[in-house]
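Enquirer: Handing you this structure, nothing more for now.
Derivation of every value follows stated rules applied to the coordinates shown; laboratory data play no part. Please read these numbers as outputs of a predicted model, since none were measured by experiment. Counting neighbours? That spans all protein chains shown, and the Cβs are built from the backbone with ideal geometry, glycine included.
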């Protein structure tokens, strides 16, 4: 296409094409840059997520039995050149009442879902931690759910700059390989710590748990 153009102009055109290609690449990269909240790395997001679940646990401690599920980690991409991780954890509440769960939803400003088959509330904590509260039916007999209510928290894709430390103590002597450890900090100190197992019949089978936040 440049056969009728002088060698000098051909060189200039090639340089112009290369510069244009670089500008397009830079524009595409800029379009995928993380926002301010996405700059929160995975380790920081994990601490915020666990603190939110600890606050949730403290709000219902005393009239229900609680268990903290294990930390879930999924690989993701913050940008095409920046790897990340999406973290999640489930708080399981056994014996929860409607009043307790509605108070929990109000505490975090969660909105009820229009799903008529289950009682679901959802929203955000600290602007980027997604929270979802799920109960089996909207109106349980006697105002108390017979099946566990779950509070699931997720961080979304976070930069994986320094890894995500996750302490696991030695398991109890009776533990099997299926047992998993989970813990969240309590607002007043201490922690809710549990050994659980994922099963189909319910979100978590609880083997051992401290039960709540004092």
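Enquirer: As a footprinting exposure proxy, order 151, 98 by other Cβ within 10 Å, with the fewest listed first.
Expert: Result, fewest neighbours first: 98, 151.
Enquirer: Remind me, relative contact order of the stretch 68-214 in percent, using alpha carbon pairs under 8 angstrom and six or more residues apart?
Expert: It comes to 24 percent, rounded to a whole number.
Enquirer: How would you rank 114, 86, going from fewest to most other Cβ atoms within 10 Å of each one's own Cβ?
Expert: Result, fewest neighbours first: 114, 86.
Enquirer: Let a ≥ b ≥ c be the square roots of the eigenvalues of the Cα gyration tensor of the stretch 54-106; is it rounded (a/c under 1.5), or, if not, prolate (a/b larger than b/c) or oblate?
Expert: prolate
Enquirer: Related question: How large is the translational diffusion coefficient of the stretch 37-209 in µm² per second when you combine the Kirkwood radius over alpha carbon pairs with Stokes-Einstein at 37 °C and 0.692 mPa s? Walk me through the numbers on the way to the answer.
Expert: Working: Rh = 16.7 Å.
In µm²/s, the coefficient is 197.
Enquirer: If each residue's Cβ is checked for other Cβ atoms within 10 Å, how do 77, 191 rank with the fewest at the top?
Expert: Details: 77 11, 191 15.
The order, fewest Cβ neighbours first, is 77, 191.
Enquirer: Report Rg(Cα)/(2.2 N^0.38 Å) for the stretch 79-177, keeping two decimals.
Expert: Numbers: Rg = 17.1 Å, N = 99, 2.2 N^0.38 = 12.6 Å.
Taking the Cα Rg and dividing by 2.2 N^0.38 Å, one obtains 1.35.
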